[in-house]
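Notes follow the structure.
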Amino acid sequence: MENIECRAVIKCLFLKANTPTQIKHELDSVYGDFALSFTTVKFWTAEFKRGRKSLGDDERSGRPKTATTDDNIAKVHKMVLDDRRIKVRGVMKMSKERLCHILNQDLGMGKLSAHWVPRLLTLDQKSVRMNISNALLASFRRKKSEFFAD
C-alpha cells in the first residue's frame, strides 16, 4: 500500500475518533502482514491531532544540484556526440563521479570499445542492424573468396 493511501486511512479513522491502538487493530485486520507499524500509526495520529492537513511528505532541505543540471547534461551530450572517443577526465570541470553519472544514468550511455555509445538500441536501430547483418552474411555466403579481397 502506498504511503499516501496509508495516511489517508489513518486520517479517516482518526477523524472517526479512533485511538492509535484501535487504528492499528483495524489496519491489521484489513492489511495483515502489510499493515503499518504501531509507531507509524502513532506518529501520524499525533500529526493529525496537531492539525496537519496534508498527507504528503514535508519538503526536505538538501544540497542543491550543482553539477547534474540540464545545462551540464546538454553540454556533456554535445561533447560526446562530437567526439565519441572523448576521455571522461577531460570533459568538463566537474568530478569524474558526476560525469560518469551523467553519461550512464542521464544519457544512458556506456563505454564500449573506447567509444561512448547509447546503452540500448531502439527497435528501428535493431531492425536496421539486423538487415545489414543479413545482407552481409548473404553476400559472404555467395562470394566467400571475394568477400575480404581489396
**Prompt:** Where a Cα-Cα gap under 21 Å defines reach, which lysines qualify for Lys16, not counting those fewer than 8 residues away within the same chain?
**Reply:** Lys24, Lys42, Lys49, Lys53
**Message:** Using the basic label-point model (7 angstrom from Cα toward the beta carbon), what is the Asp124 to Glu97 distance in nanometres?
**Reply:** 3.8
**Fill in**
Out of Gln22, His77, Cys12 - ranked by how far each Cα lies towards the positive end of the dipole of the chain, with unit charges on the beta-carbon of charged residues - the top one is His77
**Asked** Dividing the Cα convex hull volume of the stretch 3-49 by residue count, how many Å³ per residue is that?
**Response** 62
**Request:** Can you check what the Kirkwood hydrodynamic radius comes to for the chain, Cα pairs only, in Å to one decimal?
**Result:** 21.5
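Values in this text are rule-based calculations from the coordinates and carry no lab data. From a predicted model like this one, the values you see are computed outputs, not experimental measurements. Positions of Cβ are backbone-derived with ideal geometry, glycine not excepted, and every protein chain shown enters the neighbour counts.
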